[in-house]
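S.K.: Structure below; questions to follow.
The values are calculated or read from the model by the stated rules, or taken from the named source; none is laboratory data. The model shown is predicted, which means the values in this text are computed figures rather than measured ones. Note: ideal-geometry Cβ built from the backbone for every residue, glycine included; neighbour counts use all protein chains shown. For accessibility, only protein heavy atoms count, side chains too; no ligands or nucleic acids. Shrake-Rupley method; radii C 1.70, N 1.55, O 1.52, S 1.80 Å.
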Amino acid sequence: MLLTMFGVPTALTDRGVRVVRALAQATIGAYDFIAAGSPEELSAAWARLSTRSVVFHHESPSGGITSFFRKAQAPILLFLDDPFEVACALHRERGVPIMDAMRATSLCLSALEDIVLGNNVLVIDARIQSQLSLRSFVQLVSKHFSLPASDLTVMSVMSSLRHDGVLGQSAISDDPWSLGLTRGGVPELTREQLDVVETCLEPYRRILERQVVQHVHWPAGAFMSMDHGGRPAVGLFDMTGKRRIFFYGPYLGLPPGKWVARVEFEVANNRMGCVMQVNAIAKDFLTQGRIVLPEQGRHFCTIPFETVEPRWPVEIHFTLDQGVLEGEFGLIDVNIERLTEERVATQWRVATGRA
C-alpha cells in the first residue's frame, strides 16, 4: 500500500498530512513514513522499509520525484493554496523573511505543476477558510486511496487526532478540517514589497486551476544591486567602476520547460561605451548573453533558456564586461514567456538568431 502526498508548505497542509497518517494507522495498521526530496533519498529510504505500507509526503520535491510518482500512476493527494497566502503563511508560521518566502513558494509550486496535471490526483483546497468538514475530508481521501470509509473509521481517526493534540478534545467530525488554525492578515510590508510579492506570485495561480504557468513577470524590485548591498534594483544606478556583477536575482522558480525572457532596461550618459553580460543561471549557466549598451534610452533584449529542475532557483546576472568611466543603467522589468510545443521550433530559432 502506498499513500502519496504533496502540498504547499503551510500549517494546514501539515494538518492534512496528520489526518492521512491517522487514517492509515486506522485502516492499514503499521506503516513507514517517507519524506524524500530526490530519487536518491527515496531509494535509500525504500531500502530501509520495515513494513509493506508507505505514507509519503514532501513539500518541495525535485523533478525526479514528481516524475517518478506521476509515471507510476499511483493515486496522489495534493494540497494547494493561493500562492500569495502561502508566502504569508511561511512568513507568519515559520518566520521566513517575506522575500525568501516568495522565492520558496515559487519553487514549491514550480515543482507541483507536474503533479497537478496528472489524472489520478485529488486536489484538496488547503486555504484556511476551507469549509470542508473533517468527516468529508476523511471520506474523500479514503475513496481516493481505496481505504475503508465507515463511521467507525472516522471515529478512529478523530480519536487519534485528539490523542495526539492535533485537534482539541471538543472537536467533532462535522467541524471544518481547518479547525483552530488561523493565518492572520497580510504581513506588515511596504507598498513596494507587497507589489513585488503579488506580481511575482500571481502567475502560479494557474496551477490551482490545473493549468501550466505561461507567463511570468519579474519587476525590477525583485532584483538586487550588488553595489548597494542587495538594495532593490529600482531606478538608475551609476555604472562607474571596475568589471563586476551589477544586478542579480530574483532566485524564483520556474517549471521545467523552454522559456524566452524579454529584458527591458534603460541607459543614460553612456558616452564612452559599455558591454553588459546578461546571463540566465539555474545551478549552471542556462544562457550567456552579451549586449553592447547604447548611449541612452529604453531598450530590450531577449534571452532564451531551458529549465530542467524546478528546485533550482532561476537567476539573471547583469555583469559589466569591462571597467566603466561614466554612465547609468536601470532595469525596468523582465517578462518571461513559456514556449509551447507548437511554438518551440520556430520561436527558439528566432530567439537564438538561427531563423
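S.K.: Would you point out the residue of the stretch 155-172, among those that are β-branched (Val, Ile, Thr) and open to solvent by 20 Å² or more (accessible area, probe 1.4 Å), that is nearest to the chain's Cα centre (by Cα)?
M.R.: Val166
S.K.: May I ask you to list the residues in the stretch 230-258 that are over 17 Å from Glu192 (Cβ atoms) and either small (Gly, Ala, Ser) or touching a His at 6+ places or on another chain (Cβ under 9 Å) (or both)?
M.R.: Correct list: Gly241, Ile245, Phe246, Tyr248, Gly253, Gly257.
S.K.: Scan the stretch 133-148 residue by residue and report those that are open to solvent by 50 Å² or more (accessible area, probe 1.4 Å) and in contact with a helix residue (DSSP H, G or I) (Cβ under 9 Å, 6 or more places away or on another chain).
M.R.: Within the stretch 133-148, Arg135, Gln139, Pro148 meet the criteria.
Rundown of residues vs (1) among the small types (Gly, Ala, Ser); (2) closer than 29 Å to Asp100 by Cβ, yes/no style:
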site: Lys258; (1), (2): no, yes
site: Met276; (1), (2): no, yes
site: Ala280; (1), (2): yes, yes
site: His299; (1), (2): no, no
site: Glu306; (1), (2): no, yes
site: Pro310; (1), (2): no, yes
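S.K.: Right, something else. Across the stretch 90-101, which residue is nearest to the chain's Cα centre (by Cα) among those that are part of a helix (DSSP H, G or I) and of a type outside the set (Lys, Arg)?
M.R.: Filtering first and then ranking leaves Ala101.
S.K.: Condition check: part of a loop (DSSP other than H, G, I, E, B), under 28 Å from the mean Cα position of the chain (by Cα) and surrounded by fewer than 19 Cβ atoms within 10 Å (Cβ to Cβ). Does Gly289 satisfy that?
M.R.: no
S.K.: Could you tell me which residue of the stretch 77-89 is farthest from the chain's Cα centre (by Cα), considering only residues that are assigned to a helix (DSSP H, G or I) and surrounded by fewer than 24 Cβ atoms within 10 Å (Cβ to Cβ)?
M.R.: Within the stretch 77-89, the match that is farthest from the chain's Cα centre (by Cα) is Glu85.
S.K.: Just name the residue that is least open to solvent (accessible area, probe 1.4 Å) out of those in the stretch 173-221 that are within 17 Å of the chain's Cα centre (by Cα) and over 14 Å from Pro83 (Cβ atoms). First the steps, then the outcome.
M.R.: Keep residues of the stretch 173-221 that are within 17 Å of the chain's Cα centre (by Cα), which gives 196-218.
Now narrow it down to the ones that are over 14 Å from Pro83 (Cβ atoms): 210, 212, 214-215, 218.
Working: Arg210: 97, Val212: 42, Gln214: 49, His215: 112, Trp218: 0 Å².
Result: Trp218.
S.K.: Within the stretch 222-273, how many residues turn out to be part of a loop (DSSP other than H, G, I, E, B), among the aliphatic types (A, V, I, L, M) and open to solvent by 40 Å² or more (accessible area, probe 1.4 Å)?
M.R.: 4
S.K.: So if I check each of Thr240, Thr302, which one is touching a strand residue (DSSP E or B) at 6+ places or on another chain (Cβ under 8 Å), touching a residue at least 12 places away in the same chain (Cβ under 8 Å) and within 14 Å of Val334 (Cα to Cα)?
M.R.: Thr302
S.K.: A further question on this structure: How many residues are part of a loop (DSSP other than H, G, I, E, B) and in contact with a helix residue (DSSP H, G or I) (Cβ under 8 Å, 6 or more places away or on another chain) if we restrict to the stretch 311-336?
M.R.: Qualifying residue count for the region: 2.
S.K.: Another question about this same structure. Kindly establish whether Leu152 is farther than 22 Å from Val96 by Cα and open to solvent by less than 60 Å² (accessible area, probe 1.4 Å). Can you show your working first?
M.R.: Numbers: farther than 22 Å from Val96 by Cα: yes; open to solvent by less than 60 Å² (accessible area, probe 1.4 Å): no.
It is false that Leu152 is farther than 22 Å from Val96 by Cα and open to solvent by less than 60 Å² (accessible area, probe 1.4 Å).
S.K.: Residues to consider are Arg94, Arg70, Arg103; find the one that is open to solvent by 20 Å² or more (accessible area, probe 1.4 Å) and at pLDDT 95 or above.
M.R.: None of the other options fit; the residue is Arg103.
S.K.: Could you check the stretch 36-47 and list, in sequence order, the residues that are exposed (fewer than 15 other Cβ atoms within 10 Å of the Cβ) and either without any contact (Cβ under 8 Å) to a residue 12 or more places away in the chain or in a loop (DSSP other than H, G, I, E, B) (or both)?
M.R.: Residues satisfying the conditions are Glu40, Ser43, Ala44, Ala47.
S.K.: Okay, next question. What residue, among those in the stretch 1-28 that are open to solvent by 20 Å² or more (accessible area, probe 1.4 Å) and not in a helix (DSSP H, G or I), is modelled with the highest pLDDT?
M.R.: In the first step, residues of the stretch 1-28 are kept if they are open to solvent by 20 Å² or more (accessible area, probe 1.4 Å); the result is 1-2, 11, 14, 18, 21, 25-28.
In the following step, the residues that additionally are not in a helix (DSSP H, G or I) were identified as 1-2, 28.
Values: Met1: 88, Leu2: 91, Ile28: 94.
This residue is Ile28.
S.K.: Please verify whether the stretch 56-66 includes one or more residues that are in a strand (DSSP E or B) and under 28 Å from Ser150 (Cβ atoms). Please lay out each step first, then the result.
M.R.: Taking the stretch 56-66 and keeping what is in a strand (DSSP E or B), we get 56-58.
Next, from what is left, pick out any that are under 28 Å from Ser150 (Cβ atoms): 56-57.
Yes: one or more hits.
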